[in-house]
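Asks: Let me give you the structure first, and then I'll get to my questions.
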Amino acid sequence: MTRAIGWLLGVENVSSIDEVDAAFAAPWAAEGAFWVFLGAAALIALSLVFYLRFQVQGPRGPRLSLGICRGVLLALLWITLADPVLQMTVVNQQKPLVYFVFDGTESMAIEDELPDAQRKSIEEAVDYRPAARERTVASTVHVDAASAGLPSRLDYVAALLRQSNDNLLARLTNERQLQIEAFVFDGDSTSRLRKLEPTALGLRLGGDRLDPSHLADQLAARGQVTALGSVLHDASEQFGSGRLAGVVLVSDFAHNSGIAPLAASGRSPAERLGVPIYAVGVGATEAIDLAVDLQTDPKMKKAERSSVLVKLRHSGLAGQTTTVRVTARALSGEAADAAREEIFVGEKSVLLDAAVLTVELPFTPEESGRFEFVATAERLDGEVVSENNRAARQVNIIDDYLRLMYVAHEPSWEWRFIKEVFHRDKLVGMQGFRTFLASSDPRVRESNVLFLPTLTPKRSEFFATDVIFLDDMPRDGLSDRFGEMVKEYVGNLGGGLVVIAGPRFGPRELAQSPIADMLPVLIDPQGELRDQAEFRLKLSPYAAQHQFMQLGNGEAENARAWDNLGPLPWYQPVAAKHPDAQVLAEHPTDKCADGRTPQPLIAIRKYGKGEVVYLGFNESWRLRRQYGEKYYRQFWSQLIYRLGMSHALGADKRFVARLDQPQYRAEDKVTLTVEAYDENYEPLAEEGLPERGLVGELMVPGQSGAAPTLSNLTVPMLRRGVFEARIPVFAVGEYSLRVKDPVTGKFDEQRFEVTPVSAERRRGVRDEKLQTDLARETGGRVYDLTTVHQLAEDLRMEPVEERFTRNLALWSTPLWFAAVIMLMLGEWLSRKIIRLS
C-alpha cells in the first residue's frame, strides 16, 4: 500500500512515509490560503446551485451528485492555480551500487608463463576463446608481436566479461538485483578512473542493463603506473558513491606510484572508501625472476674503506648461480674531467640458495665527487623480466668534511656533548665543527681555530656550511643579517637548521625575527619556562617515519632508549605547531593555547629546499645516562646526516644539476634544472655568460651498433640562479648529460636511461599480499580468475534505504491527474445515464 501511495505521488520504491505537510507555492496563495479555500467552496456552491436550480430534468439525488462532482472538479482546477505542494519525508529503497574497477595499466599486457594445468584451469573458468583476443590486443600498447601468442592478463579479463554462459555481471544485475557501474584506470583521463559506457549506445537501456561484451571492448592496457591509493580515493569521490555497497577491484595489484592504498597510521584511502573491497587477482603469483637492489651510504670519504651492499631477491631460481658485478662512474668532481672510464668495484659469483641474499663488496674510493654506482646480475634462463637485474645509485664521495656551525650564548652541557660526538666523527672531525659563543672573549674567538670570530662570515664561507645549530640566544645577539642569511641558506640552498630551546632565553627571543618564519612551531612571545613538575617525553605516531627518532632495533629497544632520557625537569612552551610541521615528540599532559593540542617538544618542518628541526629543551644529553654515547650519538648523527646529506656537500651546493627522474621512455622530454651561484653565492644571471646560458653537451647512444654521438646544447635561464632546459629523447639506451660550471670550468655530469619498457613491466608477478590485505582490512574477500564466479553468491546485499524530504507539486502527480480525469468522466457518464442535455 505504501509503495502504491508513493507511486501515485510520483515517488518510486517508497518503503515508508514518515511525515506529510501541505502548502501553496504560488505567492498570492501562500500569503492568503483562506481565499483559496473560500474560492474552492464558492465554486462547489455554484455547481450545486446550477444543478439544483437550473437543471430540472432527472431525479434530485443524481443532480446533487453531479453538482458535487462538477464543484470538486472546478475546485481542483482553482487549487491548481495556487500551485499546491506536498512536503513528504520518505524512506526510499535503492538497489545496492557496486563499482567494478578494472586495471588498465601496461602490466596487464604481460603474458604470464604459467604451468599447463594452471593455464587450462583459467581458460576453462573464463571461457577463453583465442579468436576474441584480437580486439583486446589491437588496443593494447607494447605487446610483442613476435611473442609466442600467449594470452595476456587483460585477455583473460576480457574473456570473463564476454562469457556467454553464466555471465558474472549478468547474474549480479539479474539475480542479485545490483546496480553496477564499471571503471578502468589507464591514464586516459585527468582522474585516475575513467567510467565505461554500459552499452554500445552509452545508455542504460531497460533500466540498469549492462552489455558486458561492450565493457570488454573498452579495456586496454596503456596506463603507465598503478596508483591504487589514488584510484580508491577517486572511487570515493564518484557521483553516487554515497550509496556504494562494495568495490570489485580486478588487478594484478602491482602498486608502484602515489599514496599507499593501506597505511600503517592514519586513515588510508581503502578505509576512507568505507565499503568492502572484493579483490580479484590477475597474473601469476610466482615467476622466474631475479631482482637486484643496491645499497650504499649516501656519502663516502675518500681513501677510507667502505662497503657496497647488493641485495638479490629471486623466485623459481633456487640452486642456480649468478654473477654480481658492481661498477662506478664519476659524474662530477676531480675524476669527472679525466677519461670517463668505469671504475671496477667488485664481482662475485653467488649461489641462489635463499630467497634473499646480501652480497657485500668492499670499496675504498680513490677520487672525490659525485659517482654513480651500478650493480648488475646476469640474466638467467626463464626470467620473465630482466629490467630489474640492474640497479643504480648516486653517492657523494668527499675529500672534505661535513661543516657544522654551532651558535650559542654560553657553553651548555648540550654543546659540550654534541661537540664531543662530532669531533670523533670521521665525516666531521675537529675541522668540521665550529662554534660561535657570544659570551666568549673576542680574543679567544680570533685565536682559537675551533671558534668562529663572527656570526656572519663572508657568504662563501657561511653558505658552505651543511648544518647550523642555534642554541639558547638572546634577541640582541642575533642580527637581522644573520637571520636573513640563515633563511636564504635553508630555503634556497637546502641547508639544515636545528633550533634548541634553552632555559635562560627560550624561543620567545626569536619572535619577530626572520628565523621565526622557518620554525616548525609558532612562538608565544609571552611564553615562560615551565618547570613546575617533571615529565617524561611522549613520542608521536610521526616519530616512526623519521630515522633519527629510531634509537634501536625494533620498537622495544627504541622505547627503552627514549625511556633512558628519564624525567625532564623543564621545557619551553610555544603557542602551537606550524600547519606544515610534524610533531615527533610532545608533552604528555600540557596543551597549547587552543587547549587541545599537546605542547610540541621535538618537531620538524620542510622550509623551501631545506629542513628545520626544533627541540623545546636542551637536555638530550640525558640519553647518555645508562648506555653512554650509544643512543645519544645515534640520535645526533642520524639527524645531522639527514639534514646535511640531503643536499650537495660543501662548495658543491653552489652549482647543482638535477634531472626530474632517473629513467625515461622513448619520446619523453628530459627536464634538466641547474641551480648556479657565483663565488659569493650570489645567483648567476645570463648577462655574465657568453652564451646567455650555461653550456652543456649530450651524449646520445648509438643504435644498431653505431657509435654514440655528441651534441652541444645551451641551458637557458629560467630565473636568476636557476637554469632549465627540456630535451626530447628518442633513442633507447644510456645517456650522458654534462653541464659546465662557468666559475670553475668543470663539468657536472648526469646519467639517465631511456627505455621502451615502463615501470609497469619491471615486476613480473601479482602482489598477492597487497591483494589479501586490501580485502581483509575492508571486510571483503579474495578471488582469482578460477574462483571469481563465487562473487555472485557472496554479493548478497540488502537494498539501500535513503531517507529524504521532497517537495512535490501535487498538480503534476499521477494522483492529481487521475482525480481530475475521474471527475470529468464520472460527470459525463452520469449525465448520459440520466439523459441530461
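Asks: Taking region 460-477, which residues are assigned to a loop (DSSP other than H, G, I, E, B) and farther than 14 Å from residue 406 by Cβ?
Replies: 463, 464, 474
Asks: Write out, first by first residue and then by second, each pair whose Cβ atoms fall under 6 Å of each other, whose residues are 6+ apart or on separate chains, and whose first residue, in region 462-476, is under 15 Å from residue 639 (Cβ atoms) while the second is small (Gly, Ala, Ser) and at pLDDT below 90.
Replies: 466/644; 467/644
Asks: Next question, about the same structure. For region 378-400, which residues satisfy the criterion of being small (Gly, Ala, Ser) and open to solvent by less than 20 Å² (accessible area, probe 1.4 Å)?
Replies: Matches in region 378-400: 391 only.
Yes/no matrix, rows are residues, columns are (1) outside any loop (DSSP other than H, G, I, E, B); (2) surrounded by 18 or more Cβ atoms within 10 Å (Cβ to Cβ); (3) of a type in the set (Phe, Trp, Tyr):
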{"residue": "499", "(1), (2), (3)": "yes, yes, no"}
{"residue": "503", "(1), (2), (3)": "no, no, no"}
{"residue": "508", "(1), (2), (3)": "yes, yes, no"}
{"residue": "512", "(1), (2), (3)": "no, no, no"}
{"residue": "515", "(1), (2), (3)": "yes, yes, no"}
{"residue": "524", "(1), (2), (3)": "no, yes, no"}
{"residue": "532", "(1), (2), (3)": "no, no, no"}
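Asks: Of the numbered conditions (1) surrounded by fewer than 21 Cβ atoms within 10 Å (Cβ to Cβ); (2) in contact with a Ser or Thr (Cβ under 9 Å, 6 or more places away or on another chain); (3) at pLDDT 90 or above; (4) in a strand (DSSP E or B), residue 410 satisfies every one except a single condition; which is it?
Replies: (4)
Asks: Now for a separate question. Count, please, the residues in region 768-798 that happen to be open to solvent by less than 30 Å² (accessible area, probe 1.4 Å) and outside any helix (DSSP H, G or I).
Replies: 4
Asks: Could you check region 431-456 and list, in sequence order, the residues that are under 21 Å from residue 624 (Cβ atoms) and either of a type outside the set (S, T, N, Q) or in a loop (DSSP other than H, G, I, E, B) (or both)?
Replies: The answer is 433, and nothing else.
Asks: Show the residue pairs that are 6+ apart or on different chains and have beta-carbon atoms under 9 Å apart, the first residue being within region 95-123 and within 19 Å of residue 315 (Cβ to Cβ), the second being open to solvent by 40 Å² or more (accessible area, probe 1.4 Å) and at pLDDT 90 or above.
Replies: Here the result reads 118/786, each pair linking region 95-123 to a residue that is open to solvent by 40 Å² or more (accessible area, probe 1.4 Å) and at pLDDT 90 or above.
Asks: Now, a different point. Filter region 347-377 down to the residues that are in a loop (DSSP other than H, G, I, E, B) and within 16 Å of residue 311 (Cβ to Cβ), then identify the one that is most open to solvent (accessible area, probe 1.4 Å).
Replies: Among those residues, the one meeting the criterion is 353.
Asks: Oh, and also: Out of all the residues in region 696-707, is one or more touching a residue at least 60 places away in the same chain (Cβ under 8 Å), more than 20 Å from residue 495 (Cβ to Cβ) and among the charged types (D, E, K, R)?
Replies: no
Asks: Related question: Of the conditions (1) open to solvent by less than 30 Å² (accessible area, probe 1.4 Å); (2) modelled with pLDDT under 95, residue 571 fails just one. Which one is it?
Replies: (2)
Asks: What pairs come out if I take residues in region 309-324 that are over 14 Å from residue 383 (Cβ atoms) and of a type in the set (Ser, Thr, Tyr) and pair them with residues that are part of a strand (DSSP E or B) and open to solvent by less than 40 Å² (accessible area, probe 1.4 Å) whose C-beta lies under 8 Å away, six or more apart or interchain?
Replies: Pairs that qualify, where the first residue is over 14 Å from residue 383 (Cβ atoms) and of a type in the set (Ser, Thr, Tyr) and the partner is part of a strand (DSSP E or B) and open to solvent by less than 40 Å² (accessible area, probe 1.4 Å), are 321/350; 323/350; 323/377.
Asks: Can you tell me which residue within region 258-292, out of those that are small (Gly, Ala, Ser), open to solvent by less than 40 Å² (accessible area, probe 1.4 Å) and in a loop (DSSP other than H, G, I, E, B), is modelled with the lowest pLDDT?
Replies: If we take residues in region 258-292 being small (Gly, Ala, Ser), open to solvent by less than 40 Å² (accessible area, probe 1.4 Å) and in a loop (DSSP other than H, G, I, E, B), then 287 is modelled with the lowest pLDDT.
Matching residues to (1) open to solvent by less than 20 Å² (accessible area, probe 1.4 Å); (2) not charged (D, E, K, R):
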| site | (1), (2) |
| --- | --- |
| 55 | no, yes |
| 68 | no, yes |
| 95 | no, no |
| 98 | yes, yes |
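Asks: Across region 745-767, which residue is most open to solvent (accessible area, probe 1.4 Å) among those that are touching a Lys or Arg at 6+ places or on another chain (Cβ under 9 Å) and outside any strand (DSSP E or B)?
Replies: 746
Asks: Name the one entry in 437, 427 that is surrounded by 13 or more Cβ atoms within 10 Å (Cβ to Cβ), on the phi < 0 side of the Ramachandran plot and modelled with pLDDT of 85 or more.
Replies: 437
Asks: A follow-up question, please. Just to verify a result, which residue in region 440-464, among those that are surrounded by fewer than 17 Cβ atoms within 10 Å (Cβ to Cβ) and aliphatic (A, V, I, L, M), is farthest from the chain's Cα centre (by Cα)?
Replies: Among those residues, the one meeting the criterion is 444.
Asks: Can you name every residue in region 653-667 that is closer than 29 Å to residue 459 by Cα and of a type in the set (A, V, I, L, M, F, W, C)?
Replies: Listed by number, the residues that qualify are 655, 656, 657, 659.
Asks: Being under 21 Å from residue 660 (Cα atoms), open to solvent by 30 Å² or more (accessible area, probe 1.4 Å) and either touching a Phe, Trp or Tyr at 6+ places or on another chain (Cβ under 6 Å) or not in a strand (DSSP E or B) (or both) is the filter here; which residues of region 689-730 pass it?
Replies: 717, 720, 730
Asks: Considering only region 413-424, how many residues are acidic (Asp, Glu) and either at pLDDT 90 or above or open to solvent by less than 20 Å² (accessible area, probe 1.4 Å) (or both)?
Replies: Within region 413-424, residues that are acidic (Asp, Glu) and either at pLDDT 90 or above or open to solvent by less than 20 Å² (accessible area, probe 1.4 Å) (or both) number 1.
Asks: Quick check, is residue 403 at pLDDT below 85 and open to solvent by 20 Å² or more (accessible area, probe 1.4 Å)?
Replies: no
Asks: Here's another thing I want to ask about it. Determine whether region 771-784 contains at least one residue that is at pLDDT 90 or above and on the phi > 0 side of the Ramachandran plot.
Replies: yes
The values are calculated or read from the model by the stated rules, or taken from the named source; none is laboratory data. As the structure is a computational prediction, the values presented were derived from the model and not from experiment. Cβ coordinates were reconstructed from backbone atoms using ideal geometry, including for glycine residues, and neighbour counts include every protein chain displayed. Accessible surface areas use protein heavy atoms only, side chains included; no ligands, DNA or RNA. Shrake-Rupley method; radii C 1.70, N 1.55, O 1.52, S 1.80 Å.
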